[in-house]
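See structure below.
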Amino acid sequence: MSYVDGFVIAVPVANRESFIAHAKTFDAIFLEVGATRVVECWGENVPEGKLTDFRRAVQAREDESVVFSWIEWPDQATRDAGMEKFMKDPRMDDASDCPFDGKRMIFGGFVPVVSLPA
């Protein structure tokens, strides 16, 4: 059974290109440590809701876009081992110049219950 890590962050629109470069660097590490796929999605149509919405979830400001991302893993054991390797990877030292506020990131791990072919 597969496993998915999901993330929602707010990224300053001015940092779009640096975010993409950052994601390409760090997402490659996830693939090296066992992930099967990583997807980063830049918000294009993220409406404000009446009660809740993606923008409020990450306290996005007017000059920020919401990014929705996920990492697919073969199973939770691979994910747990991969995340441990990821966090210890020396390239993580470069994470200090992160192009977004990681304190406002929301994330979680999920087990798919429905998966239809493309």
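The values are calculated or read from the model by the stated rules, or taken from the named source; none is laboratory data. Remember, predicted model here, so these are calculated numbers, not experimental data. Counting neighbours? That spans all protein chains shown, and the Cβs are built from the backbone with ideal geometry, glycine included. Calculation scope for accessible area: heavy atoms of the full protein, side chains included, ligands and nucleic acids excluded. Shrake-Rupley method; radii C 1.70, N 1.55, O 1.52, S 1.80 Å.
Hey, with R₀ at 30 Å, roughly what FRET efficiency would residue 85 and residue 20 work out to, going by the Cβ-Cβ distance, to 0.05? It comes to 0.80. Surface exposure of the range 69-118, expressed per residue as accessible area with a 1.4 Å probe, stands at 73 Å². Counting only Cβ charges, +1 for Lys and Arg and -1 for Asp and Glu, the dipole size of the chain around its Cα centre is about 240 debye.
Across the chain, Cα pairs under 8 Å and at least six residues apart give a relative contact order of 49 percent. Here the Kirkwood formula puts the hydrodynamic radius of the range 76-118 at 13.4 Å, using every distinct Cα pair. Derived scalar couplings between HN and Hα for the range 68-84 equal 10, 9, 8, 10, 9, 10, x, 6, 5, 4, 5, 4, 4, 5, x, 5, 4 Hz in order, rounded to whole Hz, by the Karplus curve 6.51 cos²θ - 1.76 cosθ + 1.60 (θ = phi - 60°), x for Gly and Pro. For residue 88, the lysines whose Cα falls under 24 Å of its own Cα, not counting residues fewer than eight places away in the same chain, are 24, 103. Over the residues of the chain, the helix contribution to mean residue ellipticity at 222 nm works out to -9000 deg cm²/dmol, using -39500 (n - 2.57) for each DSSP H run of at least 4.
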